[in-house]
Amino acid sequence: AVLRLNKMITESGGKMFASNGKTADFDGTVEKCKEAGGSIATPRNAGENDAILYFVKHFNTYAYLGIKQSLIPGKFQPLKGAKLSYTNWYSNEPSGQGEEECVEMYTDGTWNDKKCSKSHLIVCQF
């Protein structure tokens, strides 16, 4: 299969971010990114957040980020563990009190905790 980029790739801080415009639930997004040889997009700073936001705005839809609730309800961490060094929560978020384990990016670049079953834009990083 030929990879068609069609402006669907951005770069920030040495990381490449890509989207094919397709959607999936959280687990599906993780799987599709893995199949493509990358991982689900996880912003570490404002520049990377903007790189992901490019796709969210382009397709005018939300995207999951590679951040999940830790064992402590209401506390979030990157999928690979460690701590979140950068966050961009929407006002009064996260608000799920442990019920919303995933994190989505709104079309303004801010984050919200959300159930993992919604279908959102797939954005991967490489």
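The values are calculated or read from the model by the stated rules, or taken from the named source; none is laboratory data. For clarity, every value in this text was computed on a predicted model and none was experimentally measured. In this analysis, Cβ positions are derived from the backbone assuming ideal geometry, glycine residues included, and neighbour counts consider all displayed protein chains. Note: accessible area is taken over every heavy atom of the protein model, side chains too, but ligands, DNA and RNA are not part of it. Shrake-Rupley method; radii C 1.70, N 1.55, O 1.52, S 1.80 Å.
Is there a residue in the range 8-16 that is among the small types (G, A, S), surrounded by fewer than 18 Cβ atoms within 10 Å (Cβ to Cβ), assigned to a loop (DSSP other than H, G, I, E, B) and touching a residue at least 12 places away in the same chain (Cβ under 8 Å)?
The answer is yes, given that some residue of the range 8-16 is among the small types (G, A, S), surrounded by fewer than 18 Cβ atoms within 10 Å (Cβ to Cβ), assigned to a loop (DSSP other than H, G, I, E, B) and touching a residue at least 12 places away in the same chain (Cβ under 8 Å).
Restricted to the range 98-118, and to residues that are part of a loop (DSSP other than H, G, I, E, B) and open to solvent by less than 70 Å² (accessible area, probe 1.4 Å), which residue is nearest to G14 (Cα to Cα)? Break it down stepwise before answering.
To start, the set of residues in the range 98-118 that are part of a loop (DSSP other than H, G, I, E, B) comprises 98-101, 106-110, 115-118.
Next, only the ones that are open to solvent by less than 70 Å² (accessible area, probe 1.4 Å) stay: 98, 100, 106-107, 109-110, 116.
Working: G98: 33, E100: 31, Y106: 24, T107: 24, G109: 20, T110: 22, C116: 28 Å.
Per the stated criteria, the residue is G109.
Conditions (1) within 15 Å of P43 (Cβ to Cβ); (2) among the basic types (K, R), marked per residue:
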site	(1), (2)
K57	yes, yes
N60	no, no
I67	yes, no
S70	no, no
L79	yes, no
S95	no, no
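Taking only the range 63-79 into account, find how many residues are touching a residue at least 12 places away in the same chain (Cβ under 8 Å), of a type outside the set (G, A, S) and under 16 Å from P94 (Cα atoms). Steps first, answer last, please.
Filtering the range 63-79 down to residues touching a residue at least 12 places away in the same chain (Cβ under 8 Å) leaves 63-69, 73-74, 76, 78-79.
From what's left, of a type outside the set (G, A, S): 64-65, 67-69, 73, 76, 78-79.
Cutting the leftovers down to under 16 Å from P94 (Cα atoms) gives us 64-65, 67-69, 73, 76, 78.
So the answer is 8.
Is it true that L121 is open to solvent by 30 Å² or more (accessible area, probe 1.4 Å) and out of contact with any Pro (no Cβ under 7 Å at 6 or more places or on another chain)?
No, not satisfied.
If we keep just the residues of the range 93-107 that are out of contact with any Cys (no Cβ under 8 Å at 6 or more places or on another chain) and among the hydrophobic types (A, V, I, L, M, F, W, C), which is farthest from F26 (Cα to Cα)? Spell out the reasoning first.
Start the filter on the range 93-107 by keeping residues that are out of contact with any Cys (no Cβ under 8 Å at 6 or more places or on another chain), which leaves 93-100, 103-107.
Next, only the ones that are among the hydrophobic types (A, V, I, L, M, F, W, C) stay: 103, 105.
Numbers: V103: 9, M105: 12 Å.
Step by step, filter the range 93-107, then rank; the result is M105.
Please go through the range 70-88 and give me each residue that is open to solvent by less than 90 Å² (accessible area, probe 1.4 Å) and either hydroxyl-bearing (S, T, Y) or within 23 Å of T23 (Cβ to Cβ) (or both), ordered by number.
Residues satisfying the conditions are S70, F76, P78, L79, Y86, T87, N88.
I'm trying to understand the selection: among the residues of the range 17-50, which are surrounded by 19 or more Cβ atoms within 10 Å (Cβ to Cβ), without any contact (Cβ under 8 Å) to a residue 60 or more places away in the chain and part of a loop (DSSP other than H, G, I, E, B)?
Selection gives P43 alone.
Taking the range 80-109 only, how many residues are at pLDDT below 95 and within 18 Å of C124 (Cβ to Cβ)?
1
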